[in-house]
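> Below is one structure. I have some questions about it.
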Amino acid sequence: MWGGRFSEAPSDVMQRFNASIGFDQRLAAEDIAGSRAHATMLASQGIISEADRDAILSGLEQVETEIAEGRFKFSEALEDIHMNVEGRLAELIGDAAGRLHTGRSRNDQVATDFKLWVRGTLDGLIEATRDWQKALVTLAADHVGTVMPGFTHLQPATPVTFAHHLLAYAEMAERDLSRYADARARLNECPLGAAALAGTSHPIDREMTAKALGFYRPTANSLDSVSSRDFALEALSAASLGAITLSRFAEEVIIWSTAAFGFVKCSDAFSTGSSIMPQKRNPDAAELLRGKTGRVIGAFNTLAVTMKGLPLAYSKDMQEDKEPVFDALDTLGACLTIAAGVTGSLIVNKDTMKAAAGVGYTTAVDLADWLVRELNIPFREAHHVVGRLVATAEKTGTDLHELSDEALKAAHPELTGKVREAVTVEASVAARKHIGGPAPDAVNRELVKWQARLALK
Ligand code: ARG
């Protein structure tokens, strides 16, 4: 492609080291779409003839078919997807192929292709996130009244409902999704026409190619167009946050499915056994969700370090952008699918959850709240009274609602047995019915919103 300037071919090791075709062949569809738009624009501007355009378009169609049918021979000597496609086009249509690269460089070409790929992949991640949310919301609908312990420090804190816990992840996933959408919107300007770095002397129409490729508009600065990969970094950053959400969910599934907790069981479809211990059911799916998050976060770091010292405009370092992005976004997509499967097939042990909800004096705050409400005691003092009651209960090995009338009276003279109905786990949860609370009433209101948003009802 640059034979005029060189008298020797690159060494074999250099050719292998330099080539990106091994991974950027994934950009074939985007590359062909970009070439179609470019050739069409060149003809419409009178830069190439209509006959050449037609030859190019029909040749591209054939290349597309050959690639789709697995008949295309990718060549390392041709370095990357751009030159592979153009090289084959030349074999197929001859001279006209040589006119396709008028007013274009691989630098604006690769930026365009890569943006198109990231854009399409973000759309897929949005879809996949919706599927996980659907699984969460569908499961939540069955567990509005399922009481479980809420934790802080992984110590029993206050009873919540399982539906409330699941919808917390639906909310987190919604923000993840909005970040994919933001990244998509911000990247959607077309670099094509920036050429190598300084545009072209040909009278190109950048609005036309931008529109043809579904971009909002052309990029405004030719140097920025070919030098920037913040769109990829932003996608990786959003992907890292999305993977972290999945990883935290996975961590909970792993904890909940231990023998010690016994809240849930992963279905056979998302568990594995042991080659030696016949009794084992391991939550491998959840563990891999947690484990693969490292790769996604690592990819952000890889590309960030690649980019941080690059002067404008293009440097070959930037060819290193693709592998981490492909790997991380593929990984996140797979993780979302698995998360939906794990969630949708989770086997829930309501009774164990409910029994655990009351362990560890989790309704102590409700007792203090009762003192505040019924006896108008300042909360700090009520906290103290209940602290003494918890100490007594611990000594006698009883729950708060099992404390004797004498024990109650000893803690505060006006404390009567009436308090017992306020300190059951159901009463505790039901009382927290304000916006954002775990009470079945409050959760039902959120559930209705979720079902509408996800078109589940
Ligand atoms: N394979 C290259 C990449 O992925 C395409 C752009 C090459 N441009 C250049 N001037 N060498 O970045």
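The values are calculated or read from the model by the stated rules, or taken from the named source; none is laboratory data. Worth saying up front: this structure is predicted, and the values here are computed from it rather than measured. Cβ sites come from the backbone with ideal geometry, for glycine too, and all protein chains shown count toward neighbours. Ligands, DNA and RNA are excluded from the accessible area calculation, which covers all protein heavy atoms including side chains. Shrake-Rupley method; radii C 1.70, N 1.55, O 1.52, S 1.80 Å.
> Could you give me the ³J(HN,Hα) list for the range 122-138, computed from phi with Karplus coefficients 6.51, -1.76, 1.60 and θ = phi - 60°, whole Hz, x at Gly and Pro?
With coefficients 6.51, -1.76 and 1.60, one gets 4, 4, x, 5, 4, 4, 5, 5, 4, 5, 5, 4, 4, 5, 4, 5, 5 Hz.
> Can you pull out the GluC sites (Glu not before Pro) in the range 354-457 whose DSSP state is coil and whose Cβ has at most 13 other Cβ atoms within 10 Å? Could you put the intermediate results ahead of the total?
Values: sites: 374, 381, 394, 402, 406, 414, 421, 426, 446; in loops: 414.
Those satisfying the criteria are 414.
> Which entries of 292/354; 134/292; 115/449; 265/354 have Cα-Cα distances beyond 26 Å here?
Table pairs above 26 Å Cα-Cα are 292/354; 115/449.
> Taking the Cα centre as origin and putting +1 on Lys and Arg beta-carbons and -1 on Asp and Glu beta-carbons, what dipole magnitude results for the chain, to the nearest 20 debye?
900
> Here's another thing I want to ask about it. Between 0 and 90 degrees, rounded to the nearest ten: what's the tilt of helix 81-93 against the longest Cα principal axis of the chain?
Once rounded, the angle reads 40 degrees.
> Name the residue farthest towards the positive end of the dipole of the chain from the options 153, 38, 344, assuming +1 on Cβ of Lys and Arg, -1 on Cβ of Asp and Glu, about the Cα centre.
Highest projection toward the positive end goes to 153.
> Around residue 148, which amide H atoms from residues at least 5 apart in sequence, or from another chain, sit under 5 Å from its own amide H, with H modelled in the peptide plane?
It is 160, 161, 162, by chain and number.
> Apply the Kirkwood formula to the range 304-457: the hydrodynamic radius equals the inverse of the mean of 1/r over all pairs of different alpha-carbon atoms; give it in Å with one decimal.
Computed over Cα pairs of the range 304-457, the Kirkwood hydrodynamic radius comes out at 20.5 Å.
> For the chain, what is the accessible area per residue in Å², given a 1.4 Å probe and the full set of protein chains?
Roughly 48 Å² per residue, with all protein chains present.
> Per residue of the range 392-398, what does 6.51 cos²θ - 1.76 cosθ + 1.60 with θ = phi - 60° give for ³J(HN,Hα)? Whole Hz please, x for Gly and Pro, Karplus curve as stated.
Those phi angles translate into 4, 4, 4, 5, 8, x, 10 Hz.
> Reachable aspartates and glutamates from residue 280, Cα under 15 Å, same-chain residues fewer than 8 places away excluded?
268
> Would you mind computing, in nm to one decimal, how far apart the modelled labels at residue 372 and residue 351 are, each placed 7 Å from Cα along Cα→Cβ?
About 3.6 nm separates the two model spin labels.
> Let me ask another. Give the calculated FRET efficiency between residue 317 and residue 454 to the nearest 0.05, with a Förster radius of 30 Å applied to their Cβ-Cβ distance. All intermediate terms of the calculation are to be shown ahead of the outcome.
Working: r = 42 Å, r/R0 = 1.40.
Computed FRET efficiency for residue 317 and residue 454: 0.10.
> Let me ask something else about it. Residue 432's amide H: which non-local residues (gap 5+, or another chain) put their own amide H closer than 5 Å, with H modeled 1.01 Å from N in plane and none for Pro or chain starts?
Distant-sequence amide H within range of residue 432: 439.
> Determine the distance separating the Cα centre of the range 273-312 from the Cα centre of the range 49-70; give it in Å without decimals.
Rounded to whole Å, the Cα centres lie 40 Å apart.
> Output ³J(HN,Hα) for the range 178-188: one whole-Hz value per residue in order, computed from phi by the Karplus curve 6.51 cos²θ - 1.76 cosθ + 1.60 with θ = phi - 60°, and x for Gly and Pro.
Ordered by residue, 3J(HN,Hα) equals 5, 6, 4, 5, 4, 4, 4, 5, 6, 7, 7 Hz.
> Tell me what the chain gives for mean residue ellipticity at 222 nm when only DSSP H runs of n ≥ 4 count, each as -39,500 (n - 2.57), the sum divided by the residue total, rounded to 500 deg cm²/dmol.
Result for the chain: -19500 deg cm²/dmol, rounded to the nearest 500.
> Then there is this: Under 10 °C and 1.306 mPa s, how fast does the range 134-222 diffuse according to Stokes-Einstein, given a Kirkwood radius computed over C-alpha pairs? Answer in µm²/s, whole number.
It diffuses with D of about 93 µm²/s by this estimate.
> Per the 1.4 Å probe, what fraction of the accessible area of the chain, in percent, lies on carbon and sulfur atoms? Write down the numbers at each step before the final one.
Values: 11590 of 21750 Å².
Ligands and nucleic acids excluded, carbon and sulfur reach 53 percent.
> Once both axes come from the Cα atoms, what is the angle between helix 364-375 and the longest principal axis of the chain, in degrees from 0 to 90, rounded to 10?
It is inclined by approximately 60 degrees.
> Amide H of residue 264: which non-local residues (sequence gap of 5 or more, or other chain) have their own amide H closer than 5 Å, using H built in the peptide plane?
257, 349
> Between the range 145-208 and the range 341-416, how far is it from one alpha carbon centroid to the other, in angstrom?
Cα centroid of the range 145-208 versus Cα centroid of the range 341-416: 40 Å apart.
> Can I ask one more? Beyond 34 Å, what percent of the Cα pairs of the chain remain?
That tail contains 51 percent of the Cα-Cα pairs.
> While we're on this one: Compare the peptides 144-152, 210-218 by average per-residue count of other Cβ atoms within 10 angstrom and give them in order, highest first.
In decreasing order of mean packing, 144-152, 210-218 become 144-152, 210-218.
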